[in-house]
Amino acid sequence: MKSVCIRNGKIIDGTGNPWYKAEIAVINGKINEISRKIDSKNFDEEIDATGLIVSPGFIDIHTHSDLTITAPAKNVITQGVTTHVIGNCGFSLTPMDPENSQSTVLANMLASITGVRSYTLKFRNLTEFFESLRKEGIVINTIPLIGHSMLRIQVMGLKKRAPNTDELQKMKDLLEEELKRGAFGMSTGLDYPPGSFSKTEEIIELCKVVKKYNGIYTTHFRGFASGLVRATKEVIKIVEGSGVSAEISHFKPFGFWIGDIKRAYLLVEKARDKGLEITFDVFPHASNYTFLFALIPPWVYQSKDKLDINKGIDILKKMRSDIELKNRIYMEMDQIVSSFLKIKEFEDWKKVYVSAPDNEEFNGKTIYKIAKDKNLDPREAVIKVLIELNGNASGTYLSMSEEDNLITITHPLSMFASDGKVIPENSNVFPNPYCNGTFTQVLGKYVRELKALTIQDAIRKMTSFPAQKLGLKDRGLIKEGNWADITIFDADKIIDKATYENPRLYSEGIEYVIINGEIVYKKGEFMDVKPGHPILRTT
């Protein structure tokens, strides 16, 4: 492992303090010394950081890189990110029984979220998964959460009901085993089946197990489209009932409801005053990303006791010859898109971008564009995409006001996360732009251009804050003895380049990225190294 000395840079150490000048010696993967002057010349490589900011590597606490984490991670590195937390929104690779036929449903949903065509079940538990990562090698560090949906499907399939006493105990046992293996906590996706089938009491009981192991509970909570305040109250009830430390994922209104976010944040602030540990993460873009089925009434793709995408596709096909059914679905679609997207006119469908893996006909186009090119009603265009892709499509929705967006970005309890993923180089998936430009947009647009945040506070929200939340004691700060995850950038040039029309563009302004003491990115050049660590919780 090479030794590195970083000289002449302005260090912003992650604490929130202003920059200071010092030199950093990196030896055997860790920060060995920080001093005003390091005289030794016996380094394998020296970096002249004159005019540049030297900060801890950015920690992305909410990603969906579960299936792509072994890819080169160029879209991540060019944002200065050195660590991804996976297993979010209730979806993780483990625990999963490959012989459970119903597991394939969630595997397909996970493939859709992560932007791959399909996924073959491989890993029964976290140990098997991380052994595979160590064998193949990864560029960036990886931290695992266990998805609540995986626990549910292993024990009770896709049934739409509360678990009985025996089923709940089995879920708790599965969760405890994964926590013992080193998982950092549990995530829920309470807007998505089968997580949406659960009651608050079920989550409380599982979170008691998480609390026992000092893990965290992260949640894509219920009601982004219609119930932000109500959903926040449920999180507070879960924390009250279990004592767990909670992280609300992408805590932003899924729609143009100015004022709701202020009331929801006030609830969190009051809960913290009572001693409840709740924080949240946000991405800076005024949009959201989820399944394209989110535009369809839930009863279409849910059976009485389970999620059923095949049933949903069959109903969508049937409506083409059933005018009464068609009118009902269209009416309810109008209510859905009016609620969280304020879509009323044909032109408004420019707010919906389709992500369709390996499909050039739809990938990267707006529903407006698809409908116009094919002379379709926009609702019929949505249905056409879902039918032809058998439901395997997602959407980026321009769903937020900039006023609400600024509130989320600047709130003292918010940290930054992409809700994105590692994008494989040869993939033609059309991602949302925050996969390539979350952290750089914060530093370029909101720090330098809008001056909505100071640079030291923005970096704190990307480094020591998520490290503290996760319980990482040796990352997130420029500090002697810590692992050398370091990002060096030009504060005058850093900016995201990814757009909704062209989201694959890499960010600019990152000069060097060091992960566990290895340089992985140097002035536009990617190094052929895989120094990332699969990180397990140890306390």
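None of the figures in this text is laboratory data; all of them are computed from the coordinates on show. Here the structure is a predicted model, which is why all the values come from computation and not from measurement. Backbone-built Cβ (ideal geometry, glycine too); neighbour counts: all protein chains shown.
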- Just report the Cα centroid separation between segment 185-251 and segment 257-333, whole Å. 16 Å
- Compare the Cα positions of 309, 296, 386 along the charge dipole of segment 291-397 (+1 at Cβ of Lys, Arg; -1 at Cβ of Asp, Glu; about the Cα centre) and return the one farthest towards the positive end. 296
- To the nearest 0.05, what FRET efficiency results for residue 20 and residue 451 with a Förster distance of 25 Å applied to their C-beta separation? 0.70
- So what is the calculated 222 nm ellipticity per residue for the chain, using -39500 (n - 2.57) for each DSSP H run with n of 4 or more, over all residues, to the nearest 500 deg cm²/dmol? -10000 deg cm²/dmol
- Any chance you could give the angle, 0 to 90 degrees and rounded to 10, that helix 309-318 forms with the longest Cα principal axis of the chain? 50 degrees
- Work out how much length residue 347 to residue 176 would gain on full extension: take 0.36 nm times their residue separation and subtract the Cα-Cα distance, in nm to one decimal. 56.6 nm
- Message: Among 450-460, 320-330, 263-273, 389-399, how do they line up by average Cβ neighbours within 10 Å per residue, starting with the highest?
- Response: 389-399, 450-460, 263-273, 320-330
- Message: Viscosity 1.567 mPa s, temperature 4 °C: give me the Stokes-Einstein translational D for segment 291-397 in µm²/s, with Rh taken as the Kirkwood radius over C-alpha pairs.
- Response: 94 µm²/s
- Item | Stretchable slack from residue 164 to residue 361, in nm (0.36 nm times residue separation minus alpha-carbon distance) | 66.3 nm
- How big is the equivalent ellipsoid of the chain along its three axes, where each semi-axis is √(5λ) from the Cα gyration tensor, reported in whole Å from largest to smallest? 38, 26, 22
- Query: Between residue 325 and residue 200, what is the spin-label point distance in nm, taking each point 7 Å from the Cα along the Cα→C-beta axis?
  - Reply: 3.7 nm
- Query: Label-point separation (nm) for residue 44 and residue 373, each offset 7 Å from Cα along Cα-to-Cβ?
  - Reply: 4.9 nm
